[in-house]
Amino acid sequence: LFRSVFAGGNATSFDLAGGNLTLQAQGGGISQSSGSDVKVMNLTATVLDAAGAVSLTNAGNDFTGNVTVSAATDVGLKSANFLNVSSVAASGNISLEAKAVNINGDVITSTAGKTISATASNGTLSNASATRTSGVFIMRD
């Protein structure tokens, strides 16, 4: 099962199970309302693509499967459990937070002076690839 959502402005809250999910916000960002949770369960992959920011940072969010941000300005992702990141391409700041964060591909911000942060509340942070800002190497396992 493959699910795809296209939004002219901001995409908000989704609770899905099964297959793959692609969210595209061609005229804005991907965000959620205060107090809402995004639960993407039993998916192989979630792809987020926005003309603006991707901001899914509420504490109750729960992503399973691999998450890719193919385009965005700033990126904020928070998961109540594990966050498996395939890759992130952004022009602004990037923040990843979960109990455990596993980075399997490149996490890149293309603008000098922007930050990339990953926070794992249980102390498990793995990075199998490059994390760069403006092509400058920051961290690699």
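The values are calculated or read from the model by the stated rules, or taken from the named source; none is laboratory data. These numbers come from a predicted model, not from an experiment. Reconstructed Cβ throughout: ideal geometry from the backbone, glycine too, with neighbour counts over all protein chains shown. Ligands, DNA and RNA are excluded from the accessible area calculation, which covers all protein heavy atoms including side chains. Shrake-Rupley method; radii C 1.70, N 1.55, O 1.52, S 1.80 Å.
Look through segment 35-57, keep the residues that are small (Gly, Ala, Ser) and part of a strand (DSSP E or B), and return whichever of them is surrounded by the most Cβ atoms within 10 Å (Cβ to Cβ). Let's see the steps before the verdict.
Going through segment 35-57, the residues small (Gly, Ala, Ser) turn out to be 35-36, 45, 50-53, 55.
Right, trim to part of a strand (DSSP E or B) and you get 45, 50, 55.
On the way: 45: 16, 50: 27, 55: 20.
Out of the qualifying residues, it is 50.
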Original post:
Does residue 66 satisfy the criteria of being at pLDDT below 95, buried (at least 19 other Cβ atoms within 10 Å of the Cβ), under 11 Å from the mean Cα position of the chain (by Cα) and not β-branched (Val, Ile, Thr)?
Top reply: yes
Subject >> strands (runs of 3 or more DSSP E) contained in segment 58-134 and holding at least 1 residues aromatic (Phe, Trp, Tyr) and on the phi < 0 side of the Ramachandran plot >> reply: 82-90
**OP:** Could you grab me the full set of residues in segment 88-118 that are under 16 Å from residue 48 (Cα atoms), modelled with pLDDT of 90 or more and open to solvent by 40 Å² or more (accessible area, probe 1.4 Å)?
**Re:** 89, 91, 93, 95
**OP:** Please enumerate the residues belonging to segment 62-96 that are under 17 Å from residue 20 (Cα atoms) and of a type outside the set (A, V, I, L, M, F, W, C).
**Re:** 62, 64, 65, 66, 68, 70, 84, 86, 87
Subject >> Residues that are open to solvent by less than 10 Å² (accessible area, probe 1.4 Å) and either in contact with a helix residue (DSSP H, G or I) (Cβ under 6 Å, 6 or more places away or on another chain) or farther than 16 Å from residue 59 by Cα (or both), drawn from segment 75-87 >> reply: 85
